[in-house]
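Novice: Okay, here's the structure, questions in a sec.
The values are calculated or read from the model by the stated rules, or taken from the named source; none is laboratory data. Since this is a predicted model, take the numbers as computed values, not measurements. Virtual Cβ from ideal backbone geometry, glycine too; neighbours counted across all protein chains shown. Quick note on the areas: whole protein, heavy atoms, side chains included, nothing else; ligands and nucleic acids left out. Shrake-Rupley method; radii C 1.70, N 1.55, O 1.52, S 1.80 Å.
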Amino acid sequence: MSPSRSILLVGEGNFSFSSSVCKLDSESGSNITATCLQHQEEALRHDGAAANIQTIEDSGGSVLFEVDCTKLGECAFLKGHVFDRVVFNFPHCGRKSGVKKNRELLKNFFLSCVEVLAEDGEVHVSLCNGQGGTPADQPKREWHNSWQVSAMAAEAHLILSAVRHFESDNLPSYKSTGYRSQDKGFHVGKALLHVFSRSAPFTPVQIVQMEEVVEGEMVHYNIPAELSDYVSRGFLSSDSIHPVKLVQDFLLKGLGEHWPVSMKRNPFPHLISAKQLQTCCHDLDNLQYYWIHLLQKELTSGNADLLFGISGVVFRSVPISLWALPAFHEILLTGVFPLENEPVKLIGHELEALLSPCGVSIVTEEKTLHLVAQPMGLIGKVFASNTADGNNHVTVSASLNLDLLAVLLFSLPDWRLLWSHDPRFLKQFSLRPPPGTSFQPFSLYPESFSFDISFWTGPAWEEKMFHAIAREASCGTVEQVKLIDTFSHPDLSQTSYCYRLTYHSHTHALSHTQALTFHKELEVLLSSRMQVTVR
């Protein structure tokens, strides 16, 4: 226990755990409040309870009886109090209650304890080995046969932050009790302590109105709602400690040992005209463009062996899948080099040397070098765009997806973490760790949920709009979309589609209730915007 903590213990039996904490924590100044569900007379029948209660009170702590841990907000003594720690050791409904009843107990406890939990407080729940249902349990039970502790906590917007062994050896006077509602102990040898903390709230996305100068003219336009969280985040600013900036610095430092690199520092607009697209982006799939309607009225250099670069956010209209990023940070480097030096191979070799320790390799297709890695696939390429100076020099460009590289170099479980607003994410990068340092997730073992949606549409079906609406309705938590079935009515100009959507989040506490709420919102938006008939 850290110094000067306010600690609430619920569901105590003989109070031996609370008493042990008081003995170990006597000099820290922590304020202990120990509670149990039983009447005082019944609680005192437990072996050693009277002496343990005396120890707690002599240490300045409080002992409360008849406190229902699923209704903490109704306890008169607790009103107006908040606690840094809420501890529930080995919860159980009593006797031979099944897993469903114990899940319900956990869920109601979590919903109750957040009413008395400090904003930066923690909830500690100890369970016997196998009960929690997480990979930390060895052996792990099947999910449906466990108490699903992380999913139950998510119902109260709590995330599982850590799992540790329950160190009963450090509590010499602790004696478990309550086996099948009797004054008998139970096995705690491989028990686990689950630590929960509050999740950042989901923030509904909304259309963002923008104004900027494009080709000398001030224009106004709307950023689509599903992209609104990807603009104006400043991850590549000079003082940023964001992992995409750390990856960019790592690349520039490595390449800078061989060629001078000059980065464009002035900001450039999010918007690019169709004329510019045709000039400099001829190799892109135009189906991936975001076409923006206004609300109102390429890098080159004549210096050889010098790289010029720009970096910023790129938007692509792509369907939802694990490694299809609708927005990502890209760095583009270009320069003019003597043709005889084979600059495409030279730059590709240096990039491979920098990135191969993280699993990046090069695949040659015609005259383009593709940088690939598993499981995401393509992360960049090096290519020659044209020749110059009487065919003695060539313009070579390299483009790299900084987001996917950050996932690789810092071992992130999900690219969406890069866009997290939770301060616990950036805190791990405050000391600018070198690439190769593994990220430690602040949300462990998040559960995923799948729901199907079926609807009738007219003859014109825009699947890309369906994916955009799914991103918006789910606050970006839809991880995969799979077409399950289609059926065209023989007499009507209608087609039925059935999709399966998987909801999953490494950044927020995503509960079954919240995922279902997102799914219902998707039905509403599809009906209103795409005029479909949900089945």
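Novice: Specify which residue in the list SER443, ALA406, LEU526 is farthest towards the positive end of the charge dipole of the chain, using unit charges on the beta carbon of Lys, Arg (+1) and Asp, Glu (-1), about the Cα centre.
Specialist: SER443
Novice: Listed highest first by mean packing, meaning other Cβ atoms within 10 Å per residue, what order do 353-362, 495-504 come in?
Specialist: 495-504, 353-362
Novice: Ok, one more. Are there GluC sites (Glu not before Pro) in segment 47-85 that DSSP marks as loop and that have at most 13 other Cβ atoms within 10 Å, and which are they?
Specialist: GLU66
Novice: Another question, then. Let me have the 222 nm mean residue ellipticity of the chain computed from DSSP H runs of 4+ only, each contributing -39500 (n - 2.57), with the sum over all residues rounded to the nearest 500.
Specialist: Taking each H run of at least 4 residues, the total per residue is -6500 deg cm²/dmol.
Novice: On a full-extension model of 0.36 nm per residue, what is the gain between LYS190 and LYS23, subtracting their alpha-carbon distance, rounded to one decimal in nm?
Specialist: Contour length minus Cα-Cα distance gives 57.7 nm.
Novice: With a 1.4 Å probe and every protein chain left in place, work out the accessible area per residue of segment 448-534 in Å², rounded to a whole number.
Specialist: Computed with neighbouring chains in place, this is 47 Å² per residue.
Novice: Using the Cβ atoms and a cut-off under 10 Å, what net charge is assigned to the surroundings of LEU322, where Lys and Arg are +1 and Asp and Glu are -1?
Specialist: Net charge around LEU322: -2.
Novice: Here's another thing I want to ask about it. Rounded, prolate or oblate: which fits the chain when a ≥ b ≥ c are the square roots of the eigenvalues of the alpha-carbon gyration tensor, with rounded for a/c under 1.5 and prolate only if a/b beats b/c?
Specialist: Taking the square roots of the gyration eigenvalues as a ≥ b ≥ c, the chain is prolate.
Novice: Let me ask something else. Considering only DSSP states other than H, G, I, E and B, which GluC sites (Glu not before Pro) in segment 340-374 qualify as loop sites with at most 11 other Cβ atoms within 10 Å?
Specialist: When the GluC sites (Glu not before Pro) of segment 340-374 are filtered for loop state and at most 11 Cβ neighbours within 10 Å, GLU366 remain.
Novice: DSSP loop (so not H, G, I, E, B), at most 12 other Cβ within 10 Å: list which trypsin sites (Lys or Arg not before Pro) in segment 5-49 pass both filters.
Specialist: ARG45
Novice: Antiparallel as a % of all DSSP beta bridges within the chain, to the nearest 5?
Specialist: 80
Novice: Nothing charged except the Cβ atoms of Lys and Arg (+1) and of Asp and Glu (-1): what's the magnitude of the dipole of the chain about its Cα centre? Round to the nearest 20 debye.
Specialist: That gives a dipole near 1060 debye.
Novice: Taking the convex hull of the alpha carbon atoms in segment 6-198, what volume per residue do you get, in Å³?
Specialist: Looking at segment 6-198, the number lands at 110 Å³ per residue.
Novice: Quick check: with the 1.4 Å probe, what order do ARG416, ARG535 take by accessible area, largest first?
Specialist: Solvent-accessible surface, decreasing: ARG535, ARG416.
Novice: Expressed as a whole percentage, what fraction of the accessible surface of the chain belongs to carbon and sulfur atoms when a 1.4 Å probe is rolled over the protein heavy atoms?
Specialist: Accessible surface attributable to carbon and sulfur in the chain totals 50 percent.
Novice: Let me ask you something else. Counting only heavy atoms of protein chains, what accessible area per residue, in Å², does segment 1-130 have with a probe of 1.4 Å?
Specialist: In whole numbers, segment 1-130 has 47 Å² accessible per residue.
Novice: Percent relative contact order of segment 101-160, based on C-alpha pairs within less than 8 angstrom and at least six residues apart?
Specialist: 40
Novice: Calculate the FRET efficiency for VAL363 and ARG500 from the Cβ-Cβ distance with a Förster distance of 41 Å, rounded to the nearest 0.05.
Specialist: Once the sixth-power term is evaluated, E becomes 0.80.
Novice: Set Lys and Arg Cβ to +1 and Asp and Glu Cβ to -1, take the dipole of the chain about its Cα centre, and tell me which of SER496, GLY309, ASN108 lies farthest positive.
Specialist: Looking along the dipole axis, the top candidate is ASN108.
Novice: Using a Förster distance of 25 angstrom, determine the FRET efficiency expected from the C-beta separation of ASP422 and LEU252, and round it to 0.05.
Specialist: Efficiency for this residue pair is about 0.35.
Novice: Then there's this: Over segment 360-408, with the other protein chains present, what is the accessible area per residue in square angstrom, probe 1.4 angstrom?
Specialist: Each residue of segment 360-408 exposes 44 Å² on average to a 1.4 Å probe.
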